[in-house]
Protein chains: 2
Amino acid sequence: MHSKFDQHLDRNAANFAALSPLSFLERTASVYPEKLAIVHGSLRQDWGMTYARCRQLASSLQRAGIGKNDTVAVILPNTPPMVEAHFGVPMSGAVLNTLNTRLDPEALAFMLDHGEAKALIVDPEFAPVIAKALKLRTRSEPLLVIQVDDEVYGEAAAQVGTVSYEDFVAQGDASFAWELPEDEWDAIALNYTSGTTGNPKGVVYHHRGAATNAISNVLEWDMPKHSVYLWTLPMFHCNGWCFPWTVAARAGVNVCLRRVDAKAIFDAIRMHGVTHYCGAPIVQSLLVNASEELKQGLPAGVKAMVAGAAPPASMIEGMEALGFDLTHVYGLTETYGPATVCAQHEAWNALDIGERARLNARQGVRYHLQREVRVMDPETLLPVPWDGETMGEIMFRGNIAMKGYLKNPQATDDAFRGGWFHSGDLAVQYPDGYIQIKDRSKDIIISGGENISSIEVEDVLYRHPAVLAAAVVAKPDEKWGETPCAFLEIKAGAQVSEQDIIAHCKLHLAGFKVPRTVVFGELPKTSTGKIQKFELRKQVGSVQAVAM
Amino acid sequence: MHSKFDQHLDRNAANFAALSPLSFLERTASVYPEKLAIVHGSLRQDWGMTYARCRQLASSLQRAGIGKNDTVAVILPNTPPMVEAHFGVPMSGAVLNTLNTRLDPEALAFMLDHGEAKALIVDPEFAPVIAKALKLRTRSEPLLVIQVDDEVYGEAAAQVGTVSYEDFVAQGDASFAWELPEDEWDAIALNYTSGTTGNPKGVVYHHRGAATNAISNVLEWDMPKHSVYLWTLPMFHCNGWCFPWTVAARAGVNVCLRRVDAKAIFDAIRMHGVTHYCGAPIVQSLLVNASEELKQGLPAGVKAMVAGAAPPASMIEGMEALGFDLTHVYGLTETYGPATVCAQHEAWNALDIGERARLNARQGVRYHLQREVRVMDPETLLPVPWDGETMGEIMFRGNIAMKGYLKNPQATDDAFRGGWFHSGDLAVQYPDGYIQIKDRSKDIIISGGENISSIEVEDVLYRHPAVLAAAVVAKPDEKWGETPCAFLEIKAGAQVSEQDIIAHCKLHLAGFKVPRTVVFGELPKTSTGKIQKFELRKQVGSVQAVAM
């Protein structure tokens, strides 16, 4: 029996519309057409023009036979075409597949094949690698290749496109009547995971989730209208954690940056009045460790988000010294980027730096419009006690979780087992409800039957003043099964021995957790600054243990 | 045929949850349990306690046999039980029906009958009127009456409840396992329109719309976490335009206020560090026209929203003198309150006050997460030209529109005709896309075949320095059909004659638009400060025209 509150009270075209970040662009372009949208080199493009160009792009894609649920891949750095692709591609009905610019031709060819891309937009910098990838592609269906010209980059070393991006856009209709998806569950983006084991998985995002996470970004940062956002985080990574859509919702400014270095970042902050940016710890470290000369004349109160690893005390102190305000978030490709935030409390300000660092190192609480995060036993799905000690797996549910993995029903079912998204990260939950990652499931080191959290050991290593970056992995050991092996990158000019490191660890760790092996050198990192532990595991067999 | 982006990529418990403002309370209580949530008299209640009490209320309602799609009516001023009802009632599955506290027993009895209320929460101030309403009620089903005690009010003049609110809450379970609605389209609230013609209509809100408008409030105001919100706008009016939910989303403070007067408002602003409030023009006028003594020591930058009528220049100037920041919004009960906002532009700051007032008097552009607003020919549904002259009807579509009218399929169909919500307000659209109301459909005066916008005449009247409030209605006329009749409330101490007013109008209006009749006296207003033109229409036959 229907209730009175359900009778003749259905959804209709007047009272229901798909939630979609595409609406954000439409509104901003109509209310603030003259406001600055994109800065790149000498380019200054307003929201009216940006919307017109996105409609042109969508229109040209449709004329090229690309429409609903077709895939448009892009290999672009943080440039204006990348911002435009985040709107123009889904406005055509297609799904945006941003390719990681650091990948090799084989991986790119795999993604072009697996994602069934019908078009590909290529930056001049990546034309050579794409030329190779196109040869490795096995699909016989045609692929429309569109090549960008960018005077900030200069001349391309190869030509792979049959049309230039500017010509393609110019052919389109600036008043193209695009439509919102009928169903907000429609796909908007496809993002391949880094794939440290087996082939990468294609994470599918929907319009509802993209809109929801984009707004959550505003809520976390109290981000005002007309914020100035600097693109240090690659837009190919979880769609720049949804910030192209956030910036549109705020009628803000996208300050593009082809290449991340300390000088370019500080220059952009000063020149354009940057108010917000995101980045992996490596980006924040770059800034903190930059020369004093580079740091002169910065505006106060710039807000930074850091994800990918907990910010160590030295980073928090360094950011404070810069006058920047650091927020620690955590998430995965599958959760559109941030899905928890270490929400700060005023009372923390009174604590000493060690204690503040300890609190801020936690992954925290669910992101604003995410339904729930829990640490649970992965088998029973029962929550762990909030004691800061019992480990479980971080699991999410709510609107900020992917549709699933493309053409991979088994992986999708595994990921959503029991009605929760299984992150694969092991964590504890504190009495205040804040969670803290102890390790990836696969990064736990089991030594003499005892679990060792590689992150716990890394935290101690980071506290050593000479350490710039640290990674601890399991080294097979006949006696103990596994022992911890530390790989360390040392700060420029610092001097430190293996024995110094071991002595430091012994002060702060139980004996069985102290690394038996220490290796100095540059650490292999992903394009987003994450240390690639799988590379270190390949090396681990050939290194020698230190005499204890 | 399903696309690859729809295969085995369905909604499930891990990646989909109902959008609901109830989630806002849950998150805020878990992240900021110790943060202040409610101030009332000497009461200081934090978010942890507020959430516990809302769960208790929901639990007690369920134990009393109240559940999904049952109606719980409340007649409460802006007090803590009213804040709690916005969460506790829907957490039980029931629908919150906030009754207008200014209504007579007949109207209240109609609503209790029509809404089929199963429970009623009564403030001591309204026990006498409810005692009468209960006698007029025709339904035979039992009604659980819960009466609030409030030491800020004092002793109740009547006892209508069978249980006190505090006892009822205390009986509930503070860890009650409430659930989000399975469908975000489920009803969350029922709000009766003022019903100037015929019986009031019951506007049904859903969880999706409530969440969407609550977040739009944050976006418009750039409202930061822990904002301090003063309750000048009645919460019974469009659920306080959804601000009980907005304040919860921001982990802000609800500063309650039983009665709106200038001293109480200024005192609250100073004492509690109020940052935001909303109110009808009459509330803003109260503040602007208060004595200088009352205005001493106010914090700068308090943000105010005004709705219900365009703010005249004197109000804008007065607010600026206070150091307050005024935002003009427009909407209807059917659109959850604000559905447009006169979004301001930096460039306006350089204009003179007359020009700024002219721009700010416009109803503006669609609210943030609303899909669309248009001015259209009500018959053809074609948009009017954006010339600032051609009139049409304001129409909305998107998620910030009601489910429909309760048990009124005909009115629902009429309101949503052609896939747009018909506001009944007549407006023009300017070249910048901003809309401006010219009149309610029924308020247009037709004199000698010419349309006269009563709002245009009122705007001119408001510019006269002696005028505090003005309303213009049609007066039947043998020769012209209708002529404009002005009702005026004059500022304390001001002296002005009918002839002065007529002369002022002749300076600014075409002759046929000048009122032929001027009446001085207090204007009848609704509980939300809107002038009741239907009351004036009753009087209009007995007034004499002025010699022109």
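Considering only residues that are of a type in the set (A, V, I, L, M) and open to solvent by less than 10 Å² (accessible area, probe 1.4 Å), look in the range B:416-459 and name the one that is farthest from residue B:507 (Cα to Cα).
It comes out as B:435.
Exactly one condition in (1) surrounded by fewer than 20 Cβ atoms within 10 Å (Cβ to Cβ); (2) modelled with pLDDT of 95 or more; (3) within 14 Å of chain A (Cβ to nearest Cβ) is not met by residue B:382; state its number.
Residue B:382 satisfies every listed condition except (3).
Which pairs do you get when a residue that is of a type in the set (Phe, Trp, Tyr), found in the range A:143-161, comes within reach of a residue that is not in a loop (DSSP other than H, G, I, E, B), reach meaning Cβ atoms under 7 angstrom, with the pair 6+ apart or on two chains?
Matching pairs, first to second residue: A:153/A:124; A:153/A:125.
Could we say that residue A:409 is open to solvent by 30 Å² or more (accessible area, probe 1.4 Å) and not polar (S, T, N, Q) here?
yes
When you go through (1) modelled with pLDDT under 80; (2) open to solvent by less than 70 Å² (accessible area, probe 1.4 Å); (3) part of a loop (DSSP other than H, G, I, E, B) one by one for residue A:541, which number turns out not to apply?
Every listed condition holds for residue A:541 apart from (3).
Give the number of residues within the range A:91-100 that are touching a strand residue (DSSP E or B) at 6+ places or on another chain (Cβ under 6 Å) and either away from every other protein chain (no Cβ under 14 Å) or closer than 19 Å to residue A:333 by Cα (or both).
Residues that pass the stated criteria total 5.
Within the range A:95-107, identify whether any single residue is in contact with an Asp or Glu (Cβ under 9 Å, 6 or more places away or on another chain) and either outside the structural domain of residue A:74 (by TED's automatic domain parsing) or at pLDDT 95 or above (or both), and answer yes or no.
Yes, the range A:95-107 contains a residue that is in contact with an Asp or Glu (Cβ under 9 Å, 6 or more places away or on another chain) and either outside the structural domain of residue A:74 (by TED's automatic domain parsing) or at pLDDT 95 or above (or both).
Quick check: is even one residue across the range A:523-531 over 24 Å from the mean Cα position of the chain (by Cα), not hydroxyl-bearing (Ser, Thr, Tyr) and not in a loop (DSSP other than H, G, I, E, B)?
No, there is no match, as no residue in the range A:523-531 is over 24 Å from the mean Cα position of the chain (by Cα), not hydroxyl-bearing (Ser, Thr, Tyr) and not in a loop (DSSP other than H, G, I, E, B).
Restricting the search to the range A:162-172, which residues are open to solvent by less than 70 Å² (accessible area, probe 1.4 Å) and assigned to a loop (DSSP other than H, G, I, E, B)?
A:172
Does the range A:104-123 contain any residue that is in a helix (DSSP H, G or I), open to solvent by 50 Å² or more (accessible area, probe 1.4 Å) and over 26 Å from residue A:257 (Cβ atoms)?
yes
Out of the range B:411-431, which residues are acidic (Asp, Glu) and more than 12 Å from chain A (Cβ to nearest Cβ)?
B:425
Tally time: how many residues in the range A:217-246 are open to solvent by 10 Å² or more (accessible area, probe 1.4 Å) and under 19 Å from residue A:50 (Cα atoms)?
3
What about residue A:40, is it open to solvent by 10 Å² or more (accessible area, probe 1.4 Å) and touching a Cys at 6+ places or on another chain (Cβ under 7 Å)?
Here the answer is yes, as residue A:40 does meet what is asked.
Quick check: is even one residue across the range B:281-297 open to solvent by 20 Å² or more (accessible area, probe 1.4 Å), within 28 Å of residue B:27 (Cβ to Cβ) and in the same structural domain as residue B:363 (by TED's automatic domain parsing)?
Among the residues of the range B:281-297, not one is open to solvent by 20 Å² or more (accessible area, probe 1.4 Å), within 28 Å of residue B:27 (Cβ to Cβ) and in the same structural domain as residue B:363 (by TED's automatic domain parsing), which makes the answer no.
Taking residue A:119 as meeting all but one of (1) within 27 Å of residue A:43 (Cβ to Cβ); (2) under 20 Å from the mean Cα position of the chain (by Cα), write down the number of the exception.
Against the list (1) within 27 Å of residue A:43 (Cβ to Cβ); (2) under 20 Å from the mean Cα position of the chain (by Cα), residue A:119 comes up short only on (2).
In the range B:147-161, is there at least one residue being over 28 Å from residue B:331 (Cβ atoms), open to solvent by 10 Å² or more (accessible area, probe 1.4 Å) and in contact with a Ser or Thr (Cβ under 7 Å, 6 or more places away or on another chain)?
yes
For the range B:206-214, indicate whether the set of residues that are closer than 28 Å to residue B:41 by Cβ and in contact with a Leu (Cβ under 7 Å, 6 or more places away or on another chain) is non-empty.
Among the residues of the range B:206-214, not one is closer than 28 Å to residue B:41 by Cβ and in contact with a Leu (Cβ under 7 Å, 6 or more places away or on another chain), which makes the answer no.
Restricting to the range B:188-216, and then to whatever is under 20 Å from residue B:529 (Cβ atoms) and away from chain A (no Cβ under 12 Å), can you tell me which residue is least open to solvent (accessible area, probe 1.4 Å)?
Within the range B:188-216, the match that is least open to solvent (accessible area, probe 1.4 Å) is B:191.
For residues in the range B:124-141 being of a type in the set (A, V, I, L, M) and farther than 11 Å from residue B:74 by Cα, which is surrounded by the most Cβ atoms within 10 Å (Cβ to Cβ)?
B:133
May I ask you to verify whether residue B:496 is among the hydrophobic types (A, V, I, L, M, F, W, C), surrounded by fewer than 20 Cβ atoms within 10 Å (Cβ to Cβ) and either at pLDDT below 95 or in a loop (DSSP other than H, G, I, E, B) (or both)?
For residue B:496, the condition - among the hydrophobic types (A, V, I, L, M, F, W, C), surrounded by fewer than 20 Cβ atoms within 10 Å (Cβ to Cβ) and either at pLDDT below 95 or in a loop (DSSP other than H, G, I, E, B) (or both) - is met.
In the range B:20-35, which residues are open to solvent by 50 Å² or more (accessible area, probe 1.4 Å) and either more than 12 Å from chain A (Cβ to nearest Cβ) or closer than 15 Å to residue B:86 by Cβ (or both)?
Those that are open to solvent by 50 Å² or more (accessible area, probe 1.4 Å) and either more than 12 Å from chain A (Cβ to nearest Cβ) or closer than 15 Å to residue B:86 by Cβ (or both): none in the range B:20-35.
Among the residues of the range A:57-89, how many are within 14 Å of another protein chain (Cβ to nearest Cβ) and open to solvent by 10 Å² or more (accessible area, probe 1.4 Å)?
Residues meeting the conditions: 4.
Residue under question is residue B:361, and the condition is that it be open to solvent by less than 20 Å² (accessible area, probe 1.4 Å), in contact with a Gly (Cβ under 9 Å, 6 or more places away or on another chain) and under 30 Å from residue B:200 (Cβ atoms); does it hold?
No.
From the list B:44, B:11, pick out the single residue that is basic (Lys, Arg) and more than 11 Å from chain A (Cβ to nearest Cβ).
B:44
Just checking, does the range B:326-342 include any residue being open to solvent by 40 Å² or more (accessible area, probe 1.4 Å) and of a type outside the set (S, T, N, Q)?
no
Give just the number: which of (1) farther than 29 Å from residue B:471 by Cβ; (2) over 20 Å from the mean Cα position of the chain (by Cα); (3) not in a helix (DSSP H, G or I) does residue B:399 not satisfy?
In the conditions (1) farther than 29 Å from residue B:471 by Cβ; (2) over 20 Å from the mean Cα position of the chain (by Cα); (3) not in a helix (DSSP H, G or I), residue B:399 misses (2) alone.
Can you say whether residue A:396 is closer than 25 Å to residue A:192 by Cα, of a type in the set (A, V, I, L, M, F, W, C) and either crowded, with 17+ Cβ neighbours inside 10 Å or within 10 Å of chain B (Cβ to nearest Cβ) (or both), as far as the supplied structure shows? Steps first, please.
Values: closer than 25 Å to residue A:192 by Cα: yes; of a type in the set (A, V, I, L, M, F, W, C): yes; either crowded, with 17+ Cβ neighbours inside 10 Å or within 10 Å of chain B (Cβ to nearest Cβ) (or both): yes.
It is true that residue A:396 is closer than 25 Å to residue A:192 by Cα, of a type in the set (A, V, I, L, M, F, W, C) and either crowded, with 17+ Cβ neighbours inside 10 Å or within 10 Å of chain B (Cβ to nearest Cβ) (or both).
Tell me which of these residue B:345 doesn't satisfy, since it passes every other one: (1) surrounded by fewer than 24 Cβ atoms within 10 Å (Cβ to Cβ); (2) more than 8 Å from chain A (Cβ to nearest Cβ).
The number of the failed condition is (2).
The values are calculated or read from the model by the stated rules, or taken from the named source; none is laboratory data. Note that the structure is a prediction, hence the values are computed from the model and not measured. Counting neighbours? That spans all protein chains shown, and the Cβs are built from the backbone with ideal geometry, glycine included. We work out accessible area using only protein heavy atoms, side chains counted, and drop any ligands, DNA or RNA first. Shrake-Rupley method; radii C 1.70, N 1.55, O 1.52, S 1.80 Å.
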